[in-house]
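Enquirer: This structure is in structure tokens; I'll ask about it shortly.
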Amino acid sequence: MDIFFNAIRFIGVIFLVILVFNLMILVHEWGHFLAARWRGLKVEKFYIWFGKPLWKKTINGVEYGLGSIPAGGFVALPQMAPMEAIEGRSDEPREKLPPISQLDKIIVAFAGPLFSFMLACFFAVLVWFFGKPVHEIDTVKTIGYVDKDSPAMRAGLKPGDEILSIDGKPVRGFRGLVDSVTWHVVASQGKTIDFFIQRPGVAEPMHIAVKGEKPKEDLEQPKSWWQGIFTRPAFRRAGIGPLPKFEIASFMRDEPNSPAEEAGLKKGDVLHKAAGQTIFNGSQLGEIIEAHVGKPLTLDIERNGAPLQITVTPRLPDKRAADWINYDEKKDVDNRLDMLGVAVWNLGGKRTLDHPSPKSLLKDAGRTIGDTLQAITSRKSDVSASHLSGAIGIGNVYYNLLQDSEGWRMVLWFSVVLNVNLALLNLLPFPVLDGGHITMAILESIRRRPINMRLLEIIQTACVVMLLGFMVFVSLKDLGDVMGIGKKSAPPLREEVESKFLAPDKRPATN
């Protein structure tokens, strides 16, 4: 029965993804359609997707249809420019139509991006009204851990350092599309990445230059040539992570026999210090717990906003595997936190609803595409066209967002970003795109005569082939992400004995 309901849910989520994605295409093309009607242009077709039609129907002289290539859409306007490469060449001779003015071409071409932007504004208002989920860790600027033998460790960055800026650019938090630590590191263009940090106990902020490096495992060549088609180039990394929130989400087995519960810890408690040390990461906490097995350990926690001290005595689970190991880095085994009896920590912290203004949402979305294009066109950046996504990648993002109960709010937010990107990208002066039509119309106005139709057809066809080729290219990368091609497979799961804490009268004599 569970399989049946999971299948129904999967189909429902896929349907919602297709619905939202095609809504953006529909609104964009609707803008062209309405503008063409307003300016008196001949409208031959209105299609969602490209290629040979899977379905079509003619209503009031306009052929509406669904194409066979699931990417984008078009409105066939023969007075604008020849588009047979996208629309599908027809053997029927086209009707001779009167030429239109350059102003008409500009208005009709601009209407698509305008409607995409208007849809982004609509979604931005919805986000402002309903809110966007934000975890505490999203806005953290403090370093929680520094990987061993990483560029950050060699440069001198430490847990507890607060990042004020990177390469002179402000930082809002570790994660995010704009002004985040992750993005600034990825998009860095210098030989070193300049971290401007505030260190606890040091009066003045300091600059630390980190030489970003690509992880060794990412530098390994794909096992076969075909894996290279589906994999993306690696980014440089510094080897740092954000300061997590150690909030207790659940105890082992949820039974009142673990050291944590016996000491009086409760779900929702937030751990700040252990043995007087501020906790920055799980490895540090594990070392402290291991050093206090069978000994009293003082924890500084926060409960319902109030500080509280609790003393707990960590111990090994009463029921555990015969080959139990506290910690082994080489074997990737770490059971040290289990000796406290906490099964799950909510490291992201509390989730609240942020209500950003529509103006700030639209501005950030515009900066996202601007920063991306700037990084892609720079020879010094690791960001390239290989890191862009098409319909499959976008659909995958929507699918993953909808897995969460609050995912629909994130879908509204991502739709703001996507529609602004769709509007701005379509305004680029590239033939086939709306910006290309506007550019050609401006050139015709300057030359005072139309561009040669045969030359225009050759240019349009060549650019369409390039565009479709690029769509295939990024779609292969998207498929690689979805299917995990080229990534190391997870180690085989070993049979584990369930760890468990027993009641005092059922515990073994020695532990």
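The values are calculated or read from the model by the stated rules, or taken from the named source; none is laboratory data. The structure presented is a predicted model; accordingly, all values stated were derived computationally and were not measured. Heads up, the Cβs are rebuilt from the backbone with ideal geometry, glycines too, and the neighbour counts pull from every protein chain shown. Surface areas here come from the heavy atoms of the whole protein model, side chains and all, with no ligands, DNA or RNA. Shrake-Rupley method; radii C 1.70, N 1.55, O 1.52, S 1.80 Å.
Enquirer: Among (1) in a helix (DSSP H, G or I); (2) open to solvent by less than 30 Å² (accessible area, probe 1.4 Å); (3) touching a residue at least 40 places away in the same chain (Cβ under 8 Å), where does Cys463 come up short?
Expert: Every listed condition holds for Cys463 apart from (3).
Enquirer: List every residue pair whose Cβ atoms lie under 6 Å apart, where the two residues are 6 or more positions apart in sequence or sit on different chains, the first residue falls within the stretch 405-421 and is in contact (Cβ under 8 Å) with a residue 12 or more places away in the chain, and the second residue, located anywhere, is among the aliphatic types (A, V, I, L, M) and open to solvent by 10 Å² or more (accessible area, probe 1.4 Å).
Expert: Every condition considered, the pairs that remain are Met410/Leu401; Val411/Leu401; Leu412/Leu126; Val416/Leu361; Asn419/Leu119; Asn421/Ile369.
Enquirer: Report every pair of residues separated by at least 6 positions or lying on different chains whose Cβ atoms are under 7 Å apart, first residue within the stretch 328-349 and closer than 16 Å to Leu316 by Cα and modelled with pLDDT of 85 or more, second among the small types (Gly, Ala, Ser) and open to solvent by less than 50 Å² (accessible area, probe 1.4 Å).
Expert: Arg336/Gly286; Leu337/Gly282; Leu337/Gly286; Asp338/Ser499; Leu340/Ala260; Gly341/Ser258; Gly341/Ala260; Val342/Ala260
Enquirer: Checking Trp183 against (1) over 23 Å from Glu204 (Cα atoms); (2) of a type in the set (A, V, I, L, M, F, W, C); (3) in contact with a Phe, Trp or Tyr (Cβ under 7 Å, 6 or more places away or on another chain), which test does it fail?
Expert: Trp183 satisfies every listed condition except (3).
Matching residues to (1) surrounded by fewer than 17 Cβ atoms within 10 Å (Cβ to Cβ); (2) closer than 19 Å to Gln277 by Cβ; (3) β-branched (Val, Ile, Thr):
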{"position": "Ile301", "(1), (2), (3)": "no, yes, yes"}
{"position": "Leu308", "(1), (2), (3)": "yes, yes, no"}
{"position": "Arg315", "(1), (2), (3)": "no, no, no"}
{"position": "Ala321", "(1), (2), (3)": "yes, no, no"}
{"position": "Ile325", "(1), (2), (3)": "yes, no, yes"}
{"position": "Gly341", "(1), (2), (3)": "no, no, no"}
{"position": "Asn346", "(1), (2), (3)": "no, no, no"}
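Enquirer: Can Ala85 be described as part of a helix (DSSP H, G or I), at pLDDT below 80 and crowded, with 17+ Cβ neighbours inside 10 Å?
Expert: Numbers: part of a helix (DSSP H, G or I): yes; at pLDDT below 80: yes; crowded, with 17+ Cβ neighbours inside 10 Å: yes.
Yes; evaluated as a whole, the condition is true for this residue.
Enquirer: In the list Glu204, Glu136, which residue meets the criterion of being touching a residue at least 12 places away in the same chain (Cβ under 8 Å), open to solvent by 40 Å² or more (accessible area, probe 1.4 Å) and among the charged types (D, E, K, R)? Full working, then the answer.
Expert: Working: Glu204 fails: touching a residue at least 12 places away in the same chain (Cβ under 8 Å).
Residue meeting the stated conditions: Glu136.
Enquirer: Ala275 passes all but one of (1) open to solvent by less than 50 Å² (accessible area, probe 1.4 Å); (2) over 29 Å from Glu162 (Cβ atoms); (3) of a type outside the set (Asp, Glu); (4) more than 37 Å from the chain's Cα centre (by Cα); which number fails?
Expert: If we test Ala275 against (1) open to solvent by less than 50 Å² (accessible area, probe 1.4 Å); (2) over 29 Å from Glu162 (Cβ atoms); (3) of a type outside the set (Asp, Glu); (4) more than 37 Å from the chain's Cα centre (by Cα), just (2) comes out false.
Enquirer: I would also like to ask the following. Given (1) at pLDDT below 90; (2) farther than 30 Å from Ile69 by Cβ; (3) loosely packed, with under 13 Cβ neighbours inside 10 Å, identify the lone condition not met by Ala385.
Expert: (2)
Enquirer: Could you figure out which of (1) assigned to a helix (DSSP H, G or I); (2) open to solvent by less than 90 Å² (accessible area, probe 1.4 Å) isn't true of Ile11?
Expert: Only one criterion is unmet by Ile11, namely (2).
Enquirer: Please go through the stretch 188-210 and give me each residue that is closer than 30 Å to Ile485 by Cβ and at pLDDT 90 or above, ordered by number. Before the answer, list the steps.
Expert: Narrowing the stretch 188-210 to residues closer than 30 Å to Ile485 by Cβ: 188-189, 193.
Listed by number, the residues that qualify are Ser188, Ile193.
Enquirer: Then there is this: Among the residues of the stretch 153-170, is any open to solvent by 60 Å² or more (accessible area, probe 1.4 Å) and within 30 Å of Leu412 (Cβ to Cβ)?
Expert: Scanning the stretch 153-170 turns up at least one residue that is open to solvent by 60 Å² or more (accessible area, probe 1.4 Å) and within 30 Å of Leu412 (Cβ to Cβ).
Enquirer: With the structure loaded, tell me whether Phe246 is open to solvent by 40 Å² or more (accessible area, probe 1.4 Å), among the aromatic types (Phe, Trp, Tyr) and at pLDDT 90 or above or whether it fails that test.
Expert: Criteria not met by Phe246.
Enquirer: Also, I was wondering about something else. Could you say whether any residue in the stretch 300-311 is part of a loop (DSSP other than H, G, I, E, B), under 31 Å from the mean Cα position of the chain (by Cα) and of a type outside the set (A, V, I, L, M)? Talk me through it step by step, then tell me what you get.
Expert: To start, the set of residues in the stretch 300-311 that are part of a loop (DSSP other than H, G, I, E, B) comprises 304-305.
Okay, now just the ones that are also under 31 Å from the mean Cα position of the chain (by Cα), so none.
No, there is no match, as no residue in the stretch 300-311 is part of a loop (DSSP other than H, G, I, E, B), under 31 Å from the mean Cα position of the chain (by Cα) and of a type outside the set (A, V, I, L, M).
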